[in-house]
Amino acid sequence: MIEISNISKTFPSSSDSELSILNNISLTIKDGEFVSIVGPSGCGKSTLLRIIAGLLLPDTGEVLVNGKAIDGPSNNRFVVFQDYCLFPWMTVANNVALGMKVKRFDKNDIKEKINWAINLVGLSGFEKSYPHQLSGGMKQRVAIARALVMDPDILLMDEPFGALDSFTRMKLQDELLSMYNTKDFITLFITHDSDEAVYLSDRIVVFSGVPAEIKEIIEVKAPRPRDRTSPEFMKIRNRIIELGRGK
Ligand SMILES: Nc1ncnc2c1ncn2[C@@H]1O[C@H](COP(=O)(O)OP(=O)(O)O)[C@@H](O)[C@H]1O
Ligand SMILES: [Mg+2]
């Protein structure tokens with residue numbers, strides 16, 4: 001369980017003034033839940049994710065994971081970013097293995113996990129390829145595999161499919177959902193795509209503009225796989241768009 005309580009964050013801005021980014025954000029995410037955050041660009045979504053990842057300290061408030069205050073990054077919470085963050089000089093297999101090597105996992109264990117994860121994300125046969133030989137969708141699969149081998153309980157995803165064309169994005173959305181047959185993650189997923197949020201999430205947290213406050217939390221009860229053209233689907237998507245327009 002993740003308990004986010006009263007998180008606020010202010011950054012110094014270019015003048016002497018300060019820019020308040022997050023204002024008193026509280027949110028509890030249960031085990032196995034898929035929660036999306038949508039909101040206008042620059043409102044503080046990535047900042048909140050970095051705080052939960054343990055990469056940034058909030059000014060006020062705290063984040064508890066399974067009842068314990070976080071004090072820095074952990075294998076248990078893994079971040080997947082939009083721009084893949086792969087090392088261009090390393091093969092797919094070595095990119096996937098990186099975190100395990102840093103943490104000095106057993107060699108045989110590393111090999112086994114690389115095979116398992118690469119297979120799971122559909123990249124078998126590309127182990128020896130380099131990032132420049134892959135499409136955007138394949139690069140993001142490598143980044144997801146790199147997260148999975150660390151066996152996190154919490155996946156933090158910051159617009160992971162934002163740079164992909166809509167067909168690849170839909171395919172990866174399905175692949176992401178199918179991973180949940182293997183393990184029950186908590187997923188906190190940031191997106192600016194309302195359709196993607198409704199397709200994937202158990203709950204959608206809609207942020208207002210700067211400073212970000214929670215405008216509304218929408219529960220999506222439709223069973224998966226969801227039909228993007230159904231009236232219930234469109235109703236929720238339209239609600240998110242309405243909220244984005246400030247209604
Ligand atoms: N380390 C930082 N120092 C100063 N300003 C920052 C820093 N990180 C983010 N910001 C500012 O905070 C605001 C929110 O950023 P971010 O969380 O990345 O927004 P979002 O992900 O919702 O688009 C932006 O205006 C950004 O310029
Ligand atoms: Mg962002």
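Coordinate-derived values only; no laboratory data. Since the model is a prediction, treat every value here as computed from it, not as a measurement. All Cβ positions, glycine included, derive from the backbone under ideal geometry; neighbour counts span all protein chains shown.
DSSP loop (so not H, G, I, E, B), at most 10 other Cβ within 10 Å: list which trypsin sites (Lys or Arg not before Pro) in region 72-157 pass both filters.
Passing both the DSSP loop test and the Cβ count: Lys103, Arg104, Lys128.
Rg/Rh for region 79-151 to two decimals, with Rh computed the Kirkwood way over all alpha-carbon pairs.
Here Rg/Rh amounts to 0.92.
About its Cα centre, what dipole magnitude does the chain give when the only charges are +1 on Lys and Arg Cβ and -1 on Asp and Glu Cβ, stated in debye to the nearest 20?
Using Cβ point charges on Lys, Arg, Asp and Glu, the chain gives about 520 debye.
Quick one: the Cα spread of region 48-111 along its three principal axes, in angstroms, biggest first?
Per principal axis, max minus min of the Cα coordinates gives 41, 27, 13 Å.
Which of Gln140, Val92, Ile217 sits farthest toward the positive end of the charge dipole of the chain, with +1 on the Cβ of Lys and Arg and -1 on the Cβ of Asp and Glu?
Val92
Among Lys30/Lys171; Lys9/Lys45; Lys30/Lys221; Lys45/Lys139; Lys30/Lys139; Lys30/Lys183, which pairs are too far apart, with a Cα-Cα distance over 18 Å?
Listed pairs above 18 Å: Lys30/Lys171; Lys45/Lys139; Lys30/Lys139.
Over the Cα atoms of region 49-199, what radius of gyration and what Dmax do you get, in Å?
In Å, with Rg to one decimal and Dmax whole: 15.4, 48.
What does the charge count around Met1 come to, taking other residues whose C-beta lies under 15 Å from its C-beta (Lys +1, Arg +1, Asp -1, Glu -1)?
On the way: positive: Lys30, Lys68, Arg77, Arg203; negative: Glu3, Asp31, Glu33, Glu62, Asp153, Asp184, Asp202.
Once all neighbours under 15 Å are counted, the net charge is -3.
Are there trypsin sites (Lys or Arg not before Pro) in region 1-62 that DSSP marks as loop and that have at most 16 other Cβ atoms within 10 Å, and which are they?
Answer in residue order: Lys30.
Taking N as the number of residues in region 148-237, what value does Rg over Cα atoms divided by 2.2 N^0.38 Å take?
Ratio of Cα Rg to 2.2 N^0.38 Å: 1.11.
Where in the chain are the helices, taken as whole DSSP H runs, whose Cα atoms extend 30 angstrom or more along the long axis and whose Kyte-Doolittle mean reaches at least -0.5?
Passing helices, by number: none.
Cross-link partners among aspartates and glutamates for Lys113, C-alpha distance below 12 Å, same-chain residues fewer than 8 apart left out?
Asp151
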